[in-house]
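The values are calculated or read from the model by the stated rules, or taken from the named source; none is laboratory data. A quick note: this is a predicted structure, and the numbers were derived from the prediction, not measured. In this analysis, Cβ positions are derived from the backbone assuming ideal geometry, glycine residues included, and neighbour counts consider all displayed protein chains. In case anyone asks, the SASA skips ligands and DNA or RNA and just uses the protein heavy atoms, side chains included. Shrake-Rupley method; radii C 1.70, N 1.55, O 1.52, S 1.80 Å.
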Amino acid sequence: MIIPPEVTFRNLERSDAIEAAVRERVAKLDRFYPRIMSCRVIVEASHRRARTAGTVYHVRVDLTVPGGELVGQYEPPPQRFHEDVYIAIREAFDQVRRELEDYARRQRGDVKAHEERPHGRVSKLFPERGYGFIETPDAREVYFHSHCVHGHGFNRLSVGTQVRFVEEEGEQGPQASAVVIAGKG
C-alpha cells in the first residue's frame with residue numbers, strides 16, 4: 001500500500017484492539033491485491049432508540065486503486081438488537097474484498113459471460129390446475145408449475161406468451177423453473 005491506512009472512530013473511544021483487527025484485515029487485502037493505493041476505514045457506533053438496548057456498529061472501508069475507488073460497508077439489519085464491532089468489521093472487509101476481486105477480474109479481462117436463459121412460448125396452459133407447458137424453439141415441451149413463474153405472472157400467461165426460463169431435469173422429464181415473461185427481466 002502506498003499510503004498507510006487511516007482508521008477513524010466515530011461515537012466511540014479509540015481502541016487498540018479494534019484498530020489492530022482493522023489493520024490485520026487491511027494487510028490481508030494488500031497481500032491479495034498489492035496495488036491498493038490507500039485505505040480509509042471508519043468505525044462508527046450508534047445507539048438504538050430508547051425502547052431497544054445496545055449499540056449498533058457501522059463500518060465503512062474506502063479503497064483507492066489504480067483507476068477507481070471501491071467501497072465496502074456494513075450496516076446491521078434492523079431486526080438485530082445487539083451487534084459486535086468485530087462482526088461489522090469482518091462483513092465490511094468481506095464486501096470490499098468481493099469488490100476488489102471483481103475489480104481485479106475486470107482488469108485481467110476475466111469477465112464472466114452470463115448464459116442467456118432459454119426461451120420459448122407457452123403452448124399449453126391449465127390455470128385451474130396451476131401448470132402448463134413451454135414449447136422451445138427446437139419443438140420440445142417443457143413442463144412448468146405456477147409457483148415457478150416470477151411474481152404473480154402465472155395469471156398473466158396465455159397460450160402463445162413468450163417466456164424465458166431455467167431448464168432442469170425433473171422426475172418425469174424436463175421442467176422449467178424461474179419462468180419470466182419475455183421482456184419483463
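Report yes if residue 150 is within 30 Å of residue 102 (Cβ to Cβ), touching a residue at least 60 places away in the same chain (Cβ under 8 Å) and of a type outside the set (Gly, Ala, Ser), otherwise no. So residue 150 fails the test.
If you go through region 127-139 and keep only what is under 15 Å from residue 117 (Cα atoms) and open to solvent by less than 20 Å² (accessible area, probe 1.4 Å), you end up with 134, 136. Take the conditions (1) of a type outside the set (Asp, Glu); (2) at pLDDT 80 or above; (3) on the phi > 0 side of the Ramachandran plot; residue 126 misses just one of them, which is (3).
Cβ-Cβ distances below 9 Å connect the following pairs, each with a first residue in region 6-25 that is more than 16 Å from residue 86 (Cβ to Cβ), a second residue that is surrounded by 11 or more Cβ atoms within 10 Å (Cβ to Cβ) and polar (S, T, N, Q), and a separation of six or more residues or different chains: 6/38; 10/46; 11/46; 11/55. Which of the numbered conditions does residue 53 fail, given that it passes all the others? Conditions: (1) more than 16 Å from residue 5 (Cα to Cα); (2) modelled with pLDDT of 90 or more. Result: residue 53 fails condition (2) only.
Could you please let me know if residue 75 is at pLDDT below 85, in contact with a strand residue (DSSP E or B) (Cβ under 9 Å, 6 or more places away or on another chain) and charged (D, E, K, R)?
On the way: at pLDDT below 85: yes; in contact with a strand residue (DSSP E or B) (Cβ under 9 Å, 6 or more places away or on another chain): yes; charged (D, E, K, R): yes.
It is true that residue 75 is at pLDDT below 85, in contact with a strand residue (DSSP E or B) (Cβ under 9 Å, 6 or more places away or on another chain) and charged (D, E, K, R).
Taken over region 152-185, the criterion of being charged (D, E, K, R) and either outside any loop (DSSP other than H, G, I, E, B) or at pLDDT 90 or above (or both) is satisfied by 156, 164, 167, 168, 169.
For the subset of region 157-185 comprising residues that are over 25 Å from the mean Cα position of the chain (by Cα) and under 14 Å from residue 147 (Cα atoms), which member is most open to solvent (accessible area, probe 1.4 Å)? Filtering first and then ranking leaves 175.
Looking at the structure I just gave you, is residue 142 without any contact (Cβ under 8 Å) to a residue 40 or more places away in the chain and either closer than 30 Å to residue 32 by Cβ or open to solvent by less than 90 Å² (accessible area, probe 1.4 Å) (or both)?
On the way: without any contact (Cβ under 8 Å) to a residue 40 or more places away in the chain: yes; either closer than 30 Å to residue 32 by Cβ or open to solvent by less than 90 Å² (accessible area, probe 1.4 Å) (or both): yes.
Criteria met by residue 142.
Could you please find all residues in region 1-39 being under 15 Å from residue 94 (Cα atoms) and open to solvent by 60 Å² or more (accessible area, probe 1.4 Å)? Quick ask: steps written out before the conclusion?
Of region 1-39, the ones under 15 Å from residue 94 (Cα atoms) are 21-33, 39.
Once the filter is applied, which keeps residues that are under 15 Å from residue 94 (Cα atoms) and open to solvent by 60 Å² or more (accessible area, probe 1.4 Å), region 1-39 yields 23, 24, 25, 28, 31, 32.
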